[in-house]
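Presented below is the structure to which this report refers.
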Amino acid sequence: MPSKINPFKSAMEQLTNAAKTLNLDPVILSLLKNPERILNVSVPVRMDDGSLKVFEGFRVQYNSARGPYKGGLRYHPQVNMDEVKALAFWMAIKNAVVGVPYGGGKGGIAVDPKKLSKGELERVSRKFIDLIYKNIGPQVDVPAPDVNTTPEMMGWMVDEYSKLVGRLELGVITGKPLSMGGSAGREEATGFGGVAVLKEAANHFKLKRGATVAVQGFGNVGYFFALLAAKAGFKVVAVSDSKSGIYSPKGLDVFKVHEWKKQMGVVAGYPGSAEVSNEKLLQLPVDVLVPAALENQITDKNARKIKAKLVLEMANGPTTPEADRILLRRKIPVVPDVLSNSGGVATSYLEWTQNLSGYYWSREEVLKKLTAYMADAWKNVLAEREKHNTDFRNAAFILAIQRIARAMKDRGA
Ligand code: NAD
């Protein structure tokens with residue numbers, strides 16, 4: 001998705017806002033303005049036709065004050081350094097908001113996975129690990145899935161890493177298949193955590209039962225969010241994928257839409273629904289708008305047209321700072337990504353602890369622990385919001401930056 005808005009610039013603006021409220025030590029602030037380490041690699045891959053192609057790969061290790069770097073790997077043609085830097089910074093914030101002992105990192109490869117065969121994707125994934133394995137590890141940097149990357153790919157990467165270091169290291173990557181150290185509950189964790197936050201927000205803002213929800217994006221996050229929101233009594237009236245969206249004011253059967261998409265490849269055409277563009281989906285008259293695709297979707301161009309009473313961010317960075325200001329003026333609260341989608345990394349943490357201890361929990365146990373993390377994160381962000389009389393995003397950043405700064409100072413910064 002081409003976008004002229006630089007997400008790292010947005011991230012730094014959010015950092016500066018919170019730093020101002022906190023009167024943050026300028027040394028800590030300047031340390032937080034750059035990543036600790038950047039890995040930028042060329043990934044040569046033998047294609048099925050015998051030719052050799054080179055893809056650009058990134059891993060940004062932003063901050064490790066609170067623990068090993070942690071964050072996903074994205075495969076997308078538009079992956080670039082500023083995007084990865086922003087996402088890595090947001091991971092440091094998110095991990096601190098949800099209270100897991102990790103720093104922040106993120107990575108990706110500029111590749112369109114839809115144009116590669118399975119064999120080619122496996123070779124890209126393994127080669128990327130060959131190039132970065134000395135700089136990752138269970139106590140160093142722990143990647144996970146993100147846009148267009150799957151548990152299967154995580155499995156290949158763990159296998160490659162383990163071969164290189166000469167021992168099985170399940171804790172080097174999370175979001176793995178269940179058969180090789182994945183956690184029960186990880187697949188739906190991000191959506192599950194988001195719905196836990198949605199329930200808190202609906203209570204807080206006194207949304208009525210059966211409140212309507214529109215979800216942009218129907219991948220791992222959007223699908224499970226929509227499915228579990230519908231199960232929790234919300235009415236999901238619209239969903240979309242990269243091609244277009246569907247709308248039915250009566251409510252959609254999310255599971256059946258997913259079956260339809262598996263068969264047809266797109267959500268469009270689902271019986272009984274009207275087709276809406278992604279842009280129109282954002283402007284539907286719903287109670288809750290949930291961007292769950294990519295960054296920079298709600299901008300100064302469309303923020304005035306949003307009719308939702310509440311925006312709950314499930315994608316990373318879907319709202320630009322200008323749009324944030326417009327929504328704030330229009331009194332539309334935005335529950336930020338670093339709070340509402342932190343269920344994924346919280347469960348990645350639970351997966352990692354299971355890998356390190358070799359003792360595994362049931363899905364119920366995992367989801368119970370995850371529910372507690374989400375409830376705590378919501379409560380702590382709300383407390384900062386009230387204390388500083390500020391918006392949710394700034395409150396979440398304030399909470400996180402205090403925790404990161406404390407760890408940096410305790411390490412001697
Ligand atoms: P995914 O690859 O499973 O799905 C992405 C979805 O977005 C697909 O349905 C795709 O068709 C759709 N999409 C792409 N471009 C779009 C566009 N322009 N408009 C509408 N839809 C579009 O990815 P995912 O893991 O679901 O990640 C989605 C977002 O959530 C990303 O911002 C990611 O960083 C964030 N996130 C993911 C996790 C996780 O655990 N997977 C955790 C936290 C945050």
Quiz item: Any idea how many residues of the stretch 245-265 are surrounded by 18 or more Cβ atoms within 10 Å (Cβ to Cβ) and either without any contact (Cβ under 8 Å) to a residue 12 or more places away in the chain or hydrophobic (A, V, I, L, M, F, W, C) (or both)?
Solution: 5
Quiz item: Could you list, in sequence order, the residues of the stretch 327-347 that are in a loop (DSSP other than H, G, I, E, B), more than 15 Å from Glu200 (Cα to Cα) and touching a Leu at 6+ places or on another chain (Cβ under 8 Å)?
Solution: Ile332
Exercise. Please find, within the stretch 368-413, the residue that is surrounded by the most Cβ atoms within 10 Å (Cβ to Cβ) out of those that are assigned to a loop (DSSP other than H, G, I, E, B) and among the charged types (D, E, K, R).
Key: Asp391
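Quickly run through the stretch 214-253 and pick out the residues that are away from the ligand (no atom under 13 Å from the Cβ) and either assigned to a strand (DSSP E or B) or β-branched (Val, Ile, Thr) (or both). Outline the logic, then answer.
Our first condition is that a residue be away from the ligand (no atom under 13 Å from the Cβ); within the stretch 214-253, this holds for 228-237, 247-253.
Of everything in the stretch 214-253, those that are away from the ligand (no atom under 13 Å from the Cβ) and either assigned to a strand (DSSP E or B) or β-branched (Val, Ile, Thr) (or both) turn out to be Lys235, Val236, Val237, Tyr247.
Give the stretch 228-244 a look and list any residue that's among the small types (Gly, Ala, Ser), farther than 13 Å from Leu198 by Cα and surrounded by 24 or more Cβ atoms within 10 Å (Cβ to Cβ), or say none. Talk me through it step by step, then tell me what you get.
Within the stretch 228-244, the subset among the small types (Gly, Ala, Ser) is 229-230, 232-233, 238, 240, 242, 244.
Imposing the further condition that a residue be farther than 13 Å from Leu198 by Cα reduces the set to 238, 240, 242, 244.
Selection gives Ala238, Ser240.
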Quiz prompt | Subset of the stretch 385-411 (residues that are over 19 Å from Gly104 (Cβ atoms), touching a helix residue (DSSP H, G or I) at 6+ places or on another chain (Cβ under 7 Å) and of a type outside the set (A, V, I, L, M, F, W, C)) | solution = Arg385, His388, Thr390, Asp391
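Restricting attention to the stretch 148-174, report how many residues are more than 26 Å from Ala315 (Cα to Cα) and either touching a Leu at 6+ places or on another chain (Cβ under 8 Å) or of a type in the set (Asp, Glu) (or both). Full working, then the answer.
Let us first name the residues in the stretch 148-174 that are more than 26 Å from Ala315 (Cα to Cα), namely 159-170.
Going one step further and asking which of them are either touching a Leu at 6+ places or on another chain (Cβ under 8 Å) or of a type in the set (Asp, Glu) (or both), we end up with 159-160, 162, 169.
Adding up the residues that qualify gives 4.
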Self-check item: Top-ranked residue of the stretch 306-339 - restricted to ones that are more than 9 Å from the ligand (Cβ to nearest atom) and of a type in the set (S, T, N, Q), ranked as farthest from Gly217 (Cα to Cα)
Solution: Thr320
Practice problem: Six or more apart or on different chains, Cβ under 9 Å: which pairs go from a residue in the stretch 145-156 that's touching a residue at least 12 places away in the same chain (Cβ under 8 Å) to one that's among the hydroxyl-bearing types (Ser, Thr, Tyr) and surrounded by fewer than 20 Cβ atoms within 10 Å (Cβ to Cβ)? Could you list them? | Solution: Gly155/Ser179
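Rule-based calculations on the coordinates, nothing more; no lab input. A quick note: this is a predicted structure, and the numbers were derived from the prediction, not measured. Neighbour counts are summed over all protein chains in view; Cβ atoms, including those assigned to glycine, are modelled from backbone coordinates with ideal geometry.
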